[in-house]
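Enquirer: This is the structure I want to talk about, given as structure tokens.
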Amino acid sequence: MPTSDTIRIATLGDPHYATTSQGMLQPVFAQINERADVLVIAGDLTDYGLAEEARVLARDLTTSVTIPVVAVLGNHDFEAGQQEEVRRIMVDAGVHMLDGDSVEIQGVGFAGVKGFAGGFGRGALGPWGESVIKLFVQEALSEALKLESALARLKTTHRIAVLHYAPIRETVEGEPVDILPWLGSSRLEEPLSRYEVTAVVHGHAHRGAPEGKTATGIPVYNVSIPVLRASYPDRPPFRLIEVPRERIAADDAPRAPARRASDREPIAARMADAPGRGADH
């Protein structure tokens, strides 16, 4: 159960709600509501990006979840060109939808973007040649700049970055090598170290690895429901991230300056250990 010493953040991605998915994740949402302080959904809320699919998910959330919910859109949510309606439906259901935005909940800052593709490290696509290639790369750069802007607005000690696409290669490995460049972009990694992010969550890579680290040691968690089910088949498909709760001294002394991410004590992150089952993906 949640405690006074920590903020417990339940994270999952890729619920892929269809028009026939009513009740699909209600058992999982009910467990999360009992065991966490915040729920984070890392994109692909819907299967085909339809407003009606979003309404089904919104009904399940409002029925089962009373804690704050933070989410970003994924690539599937853009498929039907109804992404703004999908976003509005989720906002009307009380979800904090982030797209270059940030929100502070119980002293923890959340910054989110969808992200984009382009590849990792030396294999990242460069803005050279045809204009369509430059436009593709510019989209990845724009998402990274949106993430940077959202992180810059947070003044909290702990910052959680919420993405759909991966910022590192490590958490997408396990997918076919040929599609790795389409699963994320190293350009998303650059703002994470600059703004001392505590942890990063993403989805999208259904056959990737459950966790990795940035070059500066920031933990990155692939919380796609298929990954969590495959990696931890005996547990419900969400990961709990525990962040120390900030306390104000009795004399209201100013908070000590934040340390670099690499200097901080590691946060606790683990799979939920309560029995239960998820719904079919």
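The values are calculated or read from the model by the stated rules, or taken from the named source; none is laboratory data. Since the model is a prediction, treat every value here as computed from it, not as a measurement. Cβ coordinates were reconstructed from backbone atoms using ideal geometry, including for glycine residues, and neighbour counts include every protein chain displayed. To get the accessible areas, we keep the full protein, side chains included, count just its heavy atoms, and leave off ligands, DNA and RNA. Shrake-Rupley method; radii C 1.70, N 1.55, O 1.52, S 1.80 Å.
Enquirer: What are the extents of the Cα atoms of region 176-224 along their three principal axes, in Å, largest first?
Expert: 31, 19, 14
Enquirer: Where does the chain land at 222 nm, in deg cm²/dmol rounded to the nearest 500, when only DSSP H runs of n ≥ 4 count, each adding -39500 (n - 2.57), divided by all residues?
Expert: Working: 6 runs with 68 residues, N = 281.
Per the formula, -7500 deg cm²/dmol.
Enquirer: Run the Debye formula on the Cα coordinates of region 4-126, all scatterers equal and no solvent, and tell me log10 I(q)/I(0) at q = 0.10, 0.13, 0.16, 0.19 1/Å.
Expert: -0.31, -0.52, -0.75, -1.00
Enquirer: Between VAL70 and residues 5 or more places away or on another chain, which pairs have amide H atoms under 5 Å apart, with H built 1.01 Å from N, and which residues are they?
Expert: Hits under the 5 Å cutoff: LEU39, VAL40, ILE41, HIS96.
Enquirer: Another question about this same structure. State to the nearest 20 debye the size of the charge dipole of the chain about its Cα centre, where the only charges are +1 on K and R beta carbons and -1 on D and E beta carbons. Numbers along the way, then the final one.
Expert: Working: 29 positive and 38 negative charges, 126 e Å.
The dipole magnitude comes to about 600 debye.
Enquirer: What percent antiparallel are the DSSP beta bridges of region 56-122, to the nearest 5? Could the numbers behind the result be given before it?
Expert: Working: 5 of 8 bridges.
DSSP beta bridges in region 56-122 are roughly 60 percent antiparallel.
Enquirer: Also: How much net charge surrounds VAL200 when only the other residues with a Cβ under 11 Å from the Cβ of VAL200 are counted, with Lys and Arg +1 and Asp and Glu -1? Before the final figure, lay out the partial values.
Expert: Values: positive: ARG159, LYS213; negative: GLU189, GLU211.
My count for the surroundings of VAL200 gives 0.
Enquirer: Just add up the charged neighbours of GLU175: K/R +1, D/E -1, any other residue whose Cβ is under 11 Å from the Cβ of GLU175.
Expert: Values: positive: ARG169, ARG207; negative: GLU173, ASP178.
That sum, taken over residues with Cβ under 11 Å, equals 0.
Enquirer: Mind checking which lysines have their C-alpha under 27 Å from LYS155, skipping anything on the same chain fewer than 8 residues away?
Expert: Of all the lysines, those that pass the test against LYS155 - Cα under 27 Å, at least 8 places apart if same chain - are LYS114, LYS146, LYS213.
Enquirer: Another question, if that's okay. Which residue fluctuates the most in the chain, going by a Gaussian network model with Cα springs under 10 Å, if the choices are PHE136, PHE29, PHE120?
Expert: The residue that fluctuates most here is PHE136.
Enquirer: If you project the alpha carbons of the chain onto the principal axes, what extent comes out on each, in Å, largest first?
Expert: Answer, in whole Å and largest first: 61, 46, 34 Å.
Enquirer: Next question. Return the percentage of antiparallel bridges among DSSP beta bridges fully within region 13-170, rounded to the nearest 5 %.
Expert: The answer is about 30 percent antiparallel.
Enquirer: Any idea of the accessible area per residue across the chain, 1.4 Å probe, to the nearest Å²?
Expert: On the way: 12390 Å² over 281 residues.
Each residue of the chain exposes 44 Å² on average to a 1.4 Å probe.
Enquirer: Please list log₁₀ I(q)/I(0) at q = 0.13, 0.25 Å⁻¹ for region 135-228, using the Debye equation with identical point scatterers on the alpha-carbon positions.
Expert: Taking Cα atoms of region 135-228 as identical point scatterers yields -0.40, -1.30.
Enquirer: Let me ask something additional. Aspartates and glutamates near LYS134 by alpha-carbon distance under 16 Å, same-chain residues fewer than 8 away left out - which ones?
Expert: Reachable aspartates and glutamates: GLU143.
Enquirer: Which of ASP77, ASP92, ASP178 moves most in a GNM of the chain, Cα contacts under 10 Å?
Expert: Of ASP77, ASP92, ASP178, the Gaussian network model singles out ASP178 as fluctuating most.
Enquirer: By the gyration tensor of its Cα atoms, with a ≥ b ≥ c the square roots of the eigenvalues, what is the shape of region 7-62: rounded for a/c under 1.5, prolate for a/b over b/c, or oblate? Mind dumping the intermediate values first?
Expert: Values: a/c = 2.61, a/b = 1.73, b/c = 1.51.
Verdict is prolate for region 7-62.
Enquirer: Turning to a different aspect of this structure: Restricting to the chain, what percent of DSSP beta bridges are antiparallel, rounded to 5? Display every interim value, and only then the final one.
Expert: Values: 18 of 45 bridges.
For the chain, the DSSP antiparallel bridge percentage is about 40.
Enquirer: Counting Lys and Arg as +1 and Asp and Glu as -1, what is the net charge of the other residues whose Cβ lies under 13 Å from the Cβ of ASP44? Please report the intermediate quantities before stating the final value.
Expert: Working: positive: LYS114; negative: ASP14, ASP47, GLU53, ASP77, GLU79.
In short, -4.
Enquirer: Follow-up question, since we're still on this one. Name the residue, out of ARG187, ARG245, ARG87, whose mean-square fluctuation peaks in a Gaussian network model built on the chain with Cα pairs under 10 Å.
Expert: Result: ARG245 has the largest fluctuation of those listed.
Enquirer: State the percent of C-alpha pairs, over all pairs in region 75-177, separated by a distance greater than 17 angstrom. Please list the in-between numbers first.
Expert: On the way: 3277 of 5253 pairs.
So the portion of pairs separated by more than 17 Å is 62 percent.
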